[in-house]
Amino acid sequence: MNIKEIRETLDNTKVYINGKGIELRAKLESFGYCMREKMNYSILPFWYIGKSGHIGGGSNMEDFRNRNCREVSVDDILNIEIDKPKYSLKPFDKIIIRIGDGVWRPSMYAFYNAGELHLVGGTYIDSSCCQVVPFNKDTEHLIGTKEKYKEE
């Protein structure tokens, strides 16, 4: 799954953490979620994942049961895998990037983290809304065009 699909799946859900708070927190943060308050959520048995990207917690079972959102299992979340990029890129590799239906532009890859493509110079982009391909003799003709990339 890509980050956008993961967020659509997990937004507005609740989960009983079943003693797996540390692993769950790390996994959710890798998807771009963050804890709502500075608390030790690993001791709170019930977590709520909001559309805002924040994770809240509670200890009241009745509140958890009555919360009007879909319940997901902690193991289902821990088993979610982020799609691997199609290309193996290293920092400072030359790339071309196309956001939405825009034109292809040259850039330089820095790193990928939690669904965000980071470019040299500090810019970052939600990777679910862009196309990225290595810059080479087969792709250089795309720069400045809106042509679709055809994999060979």
* Asked: Which of the residues that make up region 43-54 are at pLDDT 90 or above and among the aliphatic types (A, V, I, L, M)?
  -> Ile49
* Asked: Would it be correct to say that Gly56 is more than 30 Å from Val133 (Cα to Cα), without any contact (Cβ under 8 Å) to a residue 12 or more places away in the chain and not acidic (Asp, Glu)?
  -> no
* Structure fact -> Checked pairs for region 14-28, first touching a residue at least 60 places away in the same chain (Cβ under 8 Å), second surrounded by 14 or more Cβ atoms within 10 Å (Cβ to Cβ) and assigned to a helix (DSSP H, G or I), C-beta under 7 Å and 6 or more apart or across chains, list as Val15/Val74; Val15/Ile77
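Identify, please: which residue in region 95-114 is in a loop (DSSP other than H, G, I, E, B) and in contact with a Gly (Cβ under 9 Å, 6 or more places away or on another chain) and is, among those, nearest to Asp138 (Cα to Cα)?
Among them, the one singled out is Val103.
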* To do: Could you run through region 115-142 and say how many residues are touching a Ser or Thr at 6+ places or on another chain (Cβ under 6 Å) and at pLDDT 85 or above?
  => 2
* **Checklist (1) surrounded by 14 or more Cβ atoms within 10 Å (Cβ to Cβ); (2) basic (Lys, Arg); (3) farther than 25 Å from Gly32 by Cα; (4) at pLDDT below 90 applied to Arg98, failing item** => (3)
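The values are calculated or read from the model by the stated rules, or taken from the named source; none is laboratory data. None of these values were measured; they are calculated from a predicted model. Please note: Cβ atoms are built from the backbone with ideal geometry, for glycine as well, and neighbour counts cover all protein chains shown.
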